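Written below as structure tokens is the structure these notes are about.
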Amino acid sequence: MMTIKDFTGVVLVSVLIHAASSTATELSPKEQLGKNLFFDANLSLNRNQSCGTCHAPEVGWTGPDAAINRAGAVYEASVPGRFGNRKPPSSAYVSASPTLHYDARTKTFVGGSFWDGRATGELLGSPAADQAVGPFLNPLEQALPDAAALVQRVCSGNDADRFKAVWGQSACNDVNKAFGYIGLSIAAYEGSSVVNRFDSKFDAYLAGTARLTPQEQDGLRLFQGKAKCAQCHTSKPGSNKQPPLFTDFTYDNIGVPRNPDNPFYYHREINPMGAAWIDLGLGGFLQTQATYRPYAQANLGKHKVPTLRNVAQRPAASLVKAYGHNGYFKSLKEIVHFYNSRDALPVCGEEGGKAGVDCWPLPEVALNLNRGEMGHLGLTDAEEDAIVAFLGTLSDGFVVPK
């Protein structure tokens with residue numbers, strides 16, 4: 001496969017910075033192509049699933065189905081009866097993630113895409129582009145058999161002329177190149193000012209055009225202080241005043257319990273391990289890479305620190321969103337309470353007890369738990385509510401009062 005370097009991490013960062021300062025809503029030709037491909041259900045095996053099926057803008061570019069989110073939180077593939085094993089992460093505000101690499105100073109992995117970092121950015125020079133093409137060939141998602149099948153559908157579909165106009169009249173002649181162009185196009189859309197709007201109430205607050213309520217202000221203070229959220233979900237503008245992305249692109253094991261409602265456990269033809277399957281996260285991926293295998297044990301159970309932008313966004317307050325890599329948590333209040341009390345409450349046992357009230361279930365992976373930044377924070381109920389209120393200021397679409 002050809003390596004394409006015209007969409008490197010450095011360029012992607014500048015795209016996001018430009019998006020934050022631009023008031024234009026028009027897409028470039030490449031971005032428009034990427035948008036069309038992103039929402040094209042014909043690019044799945046049974047022509048019934050697009051990227052937007054699992055990454056819907058109205059819910060912050062993640063899963064939009066409340067019934068699914070209330071249960072296993074994973075989405076059915078193009079092939080009926082097949083399910084993924086993780087909750088869809090947001091596809092917005094992720095384009096600035098650098099190529100996956102090991103930071104020897106902090107002894108952490110940084111960058112990449114997907115919950116486990118397997119879209120490293122080495123294929124196309126961009127983790128976002130590597131990620132964009134992954135689901136098309138995943139049998140648990142869009143399920144096309146190979147890159148040639150994807151290229152054939154794009155190059156014979158409604159966007160064939162647009163694809164050639166953007167990438168050249170010979171763009172469809174080489175499958176490997178065309179496959180890369182598809183990923184780069186979708187990544188361009190995901191990095192556009194239409195997807196990364198930077199127009200939340202918090203952005204208006206930073207610009208001095210809106211004020212936070214007292215509760216939201218308390219939540220911000222706690223987020224950056226006592227609750228230690230900002231140690232991973234960076235919340236302050238960068239050195240060039242670029243708006244914060246609320247992620248440092250690292251990986252963490254926060255001790256999320258197994259989600260017993262995940263249908264992936266119960267489909268033996270997909271998952272031979274059945275209920276014994278354990279999501280090893282970044283460490284599981286590193287085990288497959290000769291260069292990174294020595295680091296695998298120290299990263300078992302770690303998952304990508306997600307952006308918190310749009311984390312509360314949904315069309316109605318009644319619509320349930322799922323949180324955590326497996327969707328175990330069903331509200332922001334619940335996951336904030338987990339961060340606060342994971343180690344303060346006992347482990348749920350056979351004698352019963354209500355999770356989050358009397359106890360918490362065991363973590364899916366007990367190794368490498370983050371115990372320094374969460375687990376026994378000593379937050380009051382009112383302080384948890386304040387943090388949730390602050391998180392609500394991160395949703396795009398805020399209209400500044402006249």
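How do the pairs read when you match residues in region 104-130 that are more than 14 Å from Val305 (Cβ to Cβ) and modelled with pLDDT of 95 or more with residues anywhere that are crowded, with 23+ Cβ neighbours inside 10 Å and charged (D, E, K, R), using Cβ under 7 Å and keeping only pairs 6 or more apart or on different chains? Filtered contacts from region 104-130: Ala119/Asp130; Thr120/Asp130; Gly121/Asp130; Leu123/Asp130; Leu124/Asp130; Ala128/Glu190. Scanning region 207-228 for residues that are among the hydrophobic types (A, V, I, L, M, F, W, C) and either closer than 19 Å to Gly60 by Cβ or buried (at least 17 other Cβ atoms within 10 Å of the Cβ) (or both) gives Ala210, Leu212, Leu220, Leu222, Phe223, Ala227. Yes or no: Asn310 surrounded by 21 or more Cβ atoms within 10 Å (Cβ to Cβ) and either part of a loop (DSSP other than H, G, I, E, B) or out of contact with any helix residue (DSSP H, G or I) (no Cβ under 7 Å at 6 or more places or on another chain) (or both)? Criteria met by Asn310. Here region 315-354 is the region considered, the condition is being part of a helix (DSSP H, G or I) and touching a Leu at 6+ places or on another chain (Cβ under 7 Å), and the residue that is surrounded by the most Cβ atoms within 10 Å (Cβ to Cβ) is Asn340. Scanning region 69-84 finds one or more residues that are acidic (Asp, Glu), at pLDDT 95 or above and either touching a strand residue (DSSP E or B) at 6+ places or on another chain (Cβ under 8 Å) or assigned to a helix (DSSP H, G or I) (or both). Tallying residues that are in a loop (DSSP other than H, G, I, E, B) and under 16 Å from Asn310 (Cβ atoms) within region 55-68 yields 5.
Is it the case that some residue within region 240-250 is farther than 15 Å from Phe109 by Cα, surrounded by fewer than 16 Cβ atoms within 10 Å (Cβ to Cβ) and either modelled with pLDDT under 95 or among the charged types (D, E, K, R) (or both)? Yes, some residue in region 240-250 is farther than 15 Å from Phe109 by Cα, surrounded by fewer than 16 Cβ atoms within 10 Å (Cβ to Cβ) and either modelled with pLDDT under 95 or among the charged types (D, E, K, R) (or both). Given the structure, is Val400 under 26 Å from Thr307 (Cβ atoms), part of a loop (DSSP other than H, G, I, E, B), modelled with pLDDT under 95 and of a type outside the set (Lys, Arg)? Yes, satisfied.
Sort out which residues of region 35-91 are farther than 26 Å from Pro257 by Cα, within 14 Å of the chain's Cα centre (by Cα) and in contact (Cβ under 8 Å) with a residue 40 or more places away in the chain, and write them in order of number. Hits for region 35-91 are Cys51, Pro57. If I ask for residues that are over 17 Å from Thr250 (Cα atoms) and either over 14 Å from the mean Cα position of the chain (by Cα) or modelled with pLDDT under 95 (or both), which ones from region 282-311 would you list? Of everything in region 282-311, those that are over 17 Å from Thr250 (Cα atoms) and either over 14 Å from the mean Cα position of the chain (by Cα) or modelled with pLDDT under 95 (or both) turn out to be Gln287, Thr288, Gln289, Ala290, Thr291, Arg293, Pro294.
Only a single item in (1) more than 29 Å from Leu280 (Cα to Cα); (2) not in a loop (DSSP other than H, G, I, E, B) is not met by Leu379, and it is number (2).
Tyr189 meets the conditions (1) without any contact (Cβ under 8 Å) to a residue 12 or more places away in the chain; (2) buried (at least 22 other Cβ atoms within 10 Å of the Cβ); (3) among the hydroxyl-bearing types (Ser, Thr, Tyr) in every case but one. The failed one is (1).
Taken as a whole, region 270-281 holds no residue that is in a loop (DSSP other than H, G, I, E, B), surrounded by 20 or more Cβ atoms within 10 Å (Cβ to Cβ), small (Gly, Ala, Ser) and modelled with pLDDT of 95 or more.
When Gly208, Gly219, Gly225 are checked against the criterion of being without any contact (Cβ under 8 Å) to a residue 24 or more places away in the chain and within 18 Å of Val388 (Cα to Cα), Gly225 stands alone in meeting it. Among the residues of region 38-54, which ones are in contact with a Ser or Thr (Cβ under 6 Å, 6 or more places away or on another chain) and either part of a loop (DSSP other than H, G, I, E, B) or farther than 16 Å from Ala149 by Cβ (or both)? Across region 38-54, the qualifying residues are Phe39, Asp40, Ser44, Leu45, Asn46, Asn48, Gln49.
When region 97-113 is filtered for residues that are of a type in the set (D, E, K, R) and either assigned to a loop (DSSP other than H, G, I, E, B) or within 19 Å of Asp279 (Cα to Cα) (or both), the ones remaining, listed by number, are Arg105, Lys107. Flag: Asn138 matches the condition of being under 24 Å from Ile270 (Cβ atoms), modelled with pLDDT of 95 or more and surrounded by fewer than 19 Cβ atoms within 10 Å (Cβ to Cβ).
The values are calculated or read from the model by the stated rules, or taken from the named source; none is laboratory data. These figures come from a predicted structure and were not determined experimentally. Glycine also receives a Cβ, built like all others from the backbone with ideal geometry; neighbour counts cover every protein chain displayed.
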